[in-house]
Amino acid sequence: MQASRQTAEALDSADPLAAIREQFELPPAVIYLDGNSLGPLTAASARAVEHSLRQAWGEQLIKSWNTAGWVDLPRQTGQRIAPLIGAGVDDVLVADSTSVNLYKLLAAALTLSPDRRTILTEAGNFPTDLYVSDAVSQRRPGVQVRRVEADGLLNALDASVAVVVLSHVNYRSGARHDMAAINARAHAVGAVVLWDLAHSAGAIPVDLAGSGADLAIGCGYKFLNGGPGAPAFLYVSPQLQDRLHNPIAGWFGHANPFAFEDHYRPAPGVDRWQVGTPPVLSLASLHAALEPWSAISMADVAQKSVQLFDLMAACFDGPLAGLGFDLITPRQAEARGSQISLRHRHAWPICQALIAEGVVGDFRTPDVLRFGLTPLYLRHVDVWDACERLSQIMATGRWRLPEFQAQHRVT
Ligand SMILES: *Cc1c(COP(=O)(O)O)cnc(C)c1O
């Protein structure tokens with residue numbers, strides 16, 4: 001694509017999502033390309049948390065579990081996420097972290113086929129997916145995790161596989177799996193698939209029900225903007241809801257928690273995947289952050305994501321050409337999520353120098369510069385300006401300054 005700042009401005013004037021940006025409280029001088037790691041604050045979240053804190057908790061105290069609907073938040077928040085991932089409104093629950101939900105669903109899914117010996121996953125999957133898969137397998141004698149490269153997955157799917165654990169979109173490269181094809185192949189050999197939608201929900205169209213997905217988990221604080229450490233979501237297909245049991249049989253997943261019975265009886269539907277008392281302030285934030293989505297078309301989000309990507313790819317092909325960058329995100333829209341990842345030997349100091357210039361992306365080991373392309377609040381000119389600043393940093397060699405070399409704990 002031949003791009004200029006005018007091209008970007010023209011795309012912004014025609015952008016059907018342009019007005020949504022006003023609902024976000026973005027710091028004025030920052031170009032935020034890290035919403036795939038921590039989504040920004042919405043005005044709605046700020047209001048909801050303030051209300052939950054001051055009125056609901058501060059004044060109404062314990063009454064709010066009933067009167068403010070606190071107890072319904074895990075399901076109501078799930079209902080707001082459901083249309084973004086192609087799920088039925090009763091099939092999504094918000095609870096715990098993505099990691100904990102992965103543990104719960106994976107351990108449960110293994111009980112569907114006790115004779116099968118393999119958990120199949122992708123080499124280079126997100127660490128929590130690898131670690132939790134290993135840990136779950138170690139508690140089941142005979143069960144092993146098999147890690148294969150993305151292009152070997154379909155071949156590796158045989159009758160030994162109990163569960164496939166995959167990130168729909170790879171956190172580092174942004175490469176996306178063909179969900180329908182993998183579900184179909186898995187079902188043909190009698191396996192189930194557990195999808196991690198951390199980089200899909202709110203980023204790209206997802207059709208869990210339409211693609212025959214069994215199980216999914218995903219993150220509340222990335223593209224869904226729920227706030228730091230916001231609770232995660234999980235999906236269980238209607239066919240599996242009665243057949244699977246939560247391995248952490250906490251009282252909130254009981255059919256009637258306030259009966260205080262001595263023995264566990266699982267709640268019907270997805271409610272059994274609750275464990276303990278829900279984190280109300282975080283839930284209120286996530287629930288409110290999902291408000292704008294009711295008026296947003298996923299097709300518009302997908303189209304804008306493509307345009308933002310194409311602008312950044314034009315930067316890679318133009319001003320950044322010959323400067324040691326390598327584009328590792330697939331260019332074909334259906335083969336990627338809503339991010340662009342550039343590999344560079346000096347990715348860390350370049351990323352730090354860019355942040356110092358007000359462009360916030362992130363670094364992923366060993367050498368990846370990652371930019372989240374979040375259609376709800378990014379303008380095309382933001383991507384254009386980010387490209388210009390990155391080109392300048394490369395031209396001036398500013399990234400070589402000593403202050404940009406030190407590592408941080410959170411990247
Ligand atoms: C961010 C991310 C998670 C996050 O897990 P938490 O339990 O919320 O820390 C899980 N999976 C993937 C693929 C992620 O990118």
If you project the alpha carbons of the range 167-321 onto their three principal axes, what span does each projection cover, largest first, in Å? 67, 43, 28
Quick one: give the max-minus-min coordinate of the C-alpha atoms of the range 118-237 along each principal axis, largest first, in Å. 39, 30, 27
Charge-dipole axis of the range 194-311 as Lys and Arg at +1 and Asp and Glu at -1 on Cβ define it, positive-most pick from Pro292, Gly226, Pro205: Gly226
Surrounding net charge for Trp399, when Lys and Arg each add one and Asp and Glu each subtract one, Cβ distance under 13 Å: +2
Cβ-Cβ FRET estimate between Thr111 and Leu61, R0 fixed at 45 Å, reported to 0.05: 0.65
5 angstrom amide H check on Ala255, placed H, neighbours 5+ away: Arg265, Ala267
I want to verify a result. In a Gaussian network model of the chain, Cα cutoff 10 Å, which of these has the top mean-square fluctuation: Ala295, Ala284, Ala386? Ala295
GNM on the chain, Cα springs under 10 Å; top mean-square fluctuation among His254, His187, His263 goes to His263
Given a 1.4 Å probe and every protein chain left where it sits, what share in percent of the accessible area of the chain is carbon and sulfur? 53
For the range 84-159, just run the numbers: alpha carbon Rg, then divide by 2.2 N^0.38 Å, N being how many residues it has. 1.20
So if each residue of separation counts as 0.36 nm, and I subtract the Cα-Cα distance between Gln239 and Gln144, what length gain in nm does that give? 31.6 nm
So how exposed is Thr365, as accessible area in Å² (1.4 Å probe, rounded to 10)? 90
Cross-link candidates for Lys222: which lysines have Cα within less than 24 Å, leaving aside residues fewer than 8 places away along the same chain? Lys104, Lys304
Under a Cβ-only charge scheme (Lys and Arg +1, Asp and Glu -1), can you give me the dipole magnitude of the chain about the Cα centre, in debye to the nearest 20? 740
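So what are the range 1-154's ellipsoid semi-axes, whole angstrom, largest first, if each one is the square root of 5 times an eigenvalue of the alpha-carbon gyration tensor?
Square roots of five times the eigenvalues give 37, 29, 14 Å.
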With +1 on each Lys and Arg Cβ and -1 on each Asp and Glu Cβ, how big is the dipole of the range 69-183 about its Cα centre, in debye rounded to the nearest 20? 240
With Cβ to Cβ distances under 12 Å as the rule, what net charge do the other residues near Leu110 carry (K, R +1; D, E -1)? +4
Does the range 13-100 come out rounded, prolate or oblate, given a ≥ b ≥ c as the square roots of the eigenvalues of its C-alpha gyration tensor, rounded meaning a/c under 1.5 and, failing that, prolate meaning a/b above b/c? oblate
Principal axis extents for the range 246-285, Cα atoms only, whole Å, descending order, please. 33, 18, 15
Environment charge of Asp214, counting only residues whose C-beta is closer than 15 Å and scoring Lys/Arg +1, Asp/Glu -1: 0
Counting only heavy atoms of the protein chains, get the accessible area per residue of the chain (1.4 Å probe) and round it to a whole Å² value. 43
Honestly the chain on the Cα gyration tensor test (a ≥ b ≥ c root eigenvalues; a/c under 1.5 rounded, otherwise a/b vs b/c for prolate or oblate) is just oblate
Between Ala395 and Tyr131, what is 0.36 nm times their sequence separation minus the Cα-Cα distance? Round to one decimal in nm. 91.0 nm
Positive end of the dipole of the range 23-72, charges at C-beta (+1 Lys, Arg; -1 Asp, Glu), about the Cα centre: which of Tyr32, Ala43, Trp65 has its Cα farthest in that direction? Trp65
In the range 300-411, taking the dipole from +1 charges on Lys and Arg beta carbons and -1 charges on Asp and Glu beta carbons about the Cα centre, the listed residue (Cys315, Phe363, Ala302) farthest towards the positive end is Phe363
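The values are calculated or read from the model by the stated rules, or taken from the named source; none is laboratory data. Just so it is clear, the structure is predicted and the values come from calculations on it, not from any experiment. Here Cβ is always computed from backbone atoms with ideal geometry, including for glycine, and neighbour counts include all displayed protein chains. Side chains are part of the model used for accessible areas, which takes the heavy atoms of the whole protein and leaves out ligands, DNA and RNA. Shrake-Rupley method; radii C 1.70, N 1.55, O 1.52, S 1.80 Å.
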